[in-house]
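Taken together, the values in this text are just the output of simple stated rules run on the coordinates, not laboratory data. None of these values were measured; they are calculated from a predicted model. We place every Cβ from the backbone using ideal geometry, glycine too, and count neighbours over all the protein chains shown.
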Amino acid sequence: MTGTVRMLRALAAAGAALLAVTAAAPVAAARPEPKAPPEFVDLRSVDPTIITEMRYTTAHNFMGEPVEGYRQPVCILTRPAARALRTAQRSLLRKGYSLKVYDCYRPQRAVDHFVRWAEDLDDQAMKAEFYPSVDKTRLFEDGYIAEKSGHSRGSTVDLTLVKLPALPARPYVPGEKLAPCYGPKGERFPDNSVDMGTGFDCFDTLSHTDDPRVRGAQRANRQFLKETLTGLGFVNLAEEWWHFTYKPELFPDTYFDFPVARRSVAGH
C-alpha cells in the first residue's frame, strides 16, 4: 500500500468519526418566544371600536423604520387598562368622538432599539419631522429617550381623539418630504385626529400637556382627552399630551419583553 493511499484512508476514517460524534450530539432546541402573562389582552378583544394606528410597526416614527419587537399592529395592554379605555370609549362615542391608540405595551427589545438609534448620531433621517429643534446629542439628557419605559410594564398607552365619522389616515410614504411636528395642523403630517397642537411623538416642549403657548381649540382638545381619562384612573405624563398610565399598575416593577403579536396573548 502506498503512503498516499494510507493517508487517504486515514483522513476518511477521521471524517467518519467526526460525523458520528456530530450526529450523536443533542440538537439544541430553539428558544421559545416569551408570551404575555394571562393578565394581558389584545385591546380589540375588549373594545373593537377603538381606532388602532400602531406607529412602531411602520416606518413613520422618529427612527424611520419598524421597531424591533413589533410584529403586528396590535395594541396589547393589561386587562384593567383595556377595560378602562372601553369605558372611556363608550362615553366618547356618545359625544361624537373615538379614541385612537398609537402605542400600547412596548417590549424591552424595542426600548433597546430606541437607545441604539439615539446613540447613532449619524442617523437623523426623521429629524425634520420629529425633533427639528432638538440636537440629537441631547435626547437622553432631555428625557426623550431612556433605557427603560413604563410602556414595558403594560398599563401605559399613547393615544389621541378622532372626530366621528373618522376619515381614513393617509399612509406615510418613506422618503417623502417631512414637515415639523409642531407646525400648523394643515402643514404637518396629515392625521385624522383632532388638533392637539403637535403630532404624536413630537420631541419638543410644545408637547407638554399644559404648555401655555397651546391655546384655543388645541388646548381644549388636550384637556378633553385628559379629563376623560383621568376620571377613570389614568395619569397623564406632563411632558407628553398623548401619554397615559392606568393606576394602580398590575406590574409596577416588571419590564416585559414578549413581542407585540397576537400570539403573545392568544387565548387570553
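The table for this structure:
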{"quantity": "Prolate/oblate/rounded call for region 124-268, Cα gyration tensor, a/c under 1.5 rounded", "calculated": "rounded"}
{"quantity": "Tensor-based shape of the chain (alpha-carbon gyration tensor, a/c under 1.5 rounded, otherwise prolate or oblate)", "calculated": "prolate"}
{"quantity": "Among 171-182, 128-139, the order from most to least packed when residues are scored by Cβ within 10 Å on average", "calculated": "128-139, 171-182"}
{"quantity": "Ranked list, fewest to most other Cβ atoms within 10 Å of each Cβ, for Arg222, Arg153", "calculated": "Arg153, Arg222"}
{"quantity": "Listed residue pairs exceeding 19 Å between alpha carbons, taken from Lys100/Lys177; Lys136/Lys185; Lys127/Lys177; Lys226/Lys247", "calculated": "Lys100/Lys177; Lys136/Lys185"}
{"quantity": "Sequence-separation-based contact order of region 33-265, relative, with Cα cut under 8 Å and 6+ spacing, percent", "calculated": "27 percent"}
{"quantity": "Order of Ser91, Ser193, Ser264 - criterion: other Cβ atoms within 10 Å of each residue's Cβ, fewest first", "calculated": "Ser91, Ser264, Ser193"}
{"quantity": "Sorted peptide list for 92-98, 68-74, criterion being average Cβ within 10 angstrom, highest first", "calculated": "68-74, 92-98"}
{"quantity": "Fraction of beta bridges assigned by DSSP in region 33-265 that are antiparallel (%, nearest 5)", "calculated": "85 percent"}
{"quantity": "The chain, helix-only ellipticity at 222 nm - DSSP H runs n ≥ 4, -39,500 (n - 2.57), divided by all residues, nearest 500", "calculated": "-8500 deg cm²/dmol"}
{"quantity": "Extension reserve of the Ser133-Arg90 stretch, reckoned as 0.36 nm per residue once the Cα distance is removed", "calculated": "11.7 nm"}
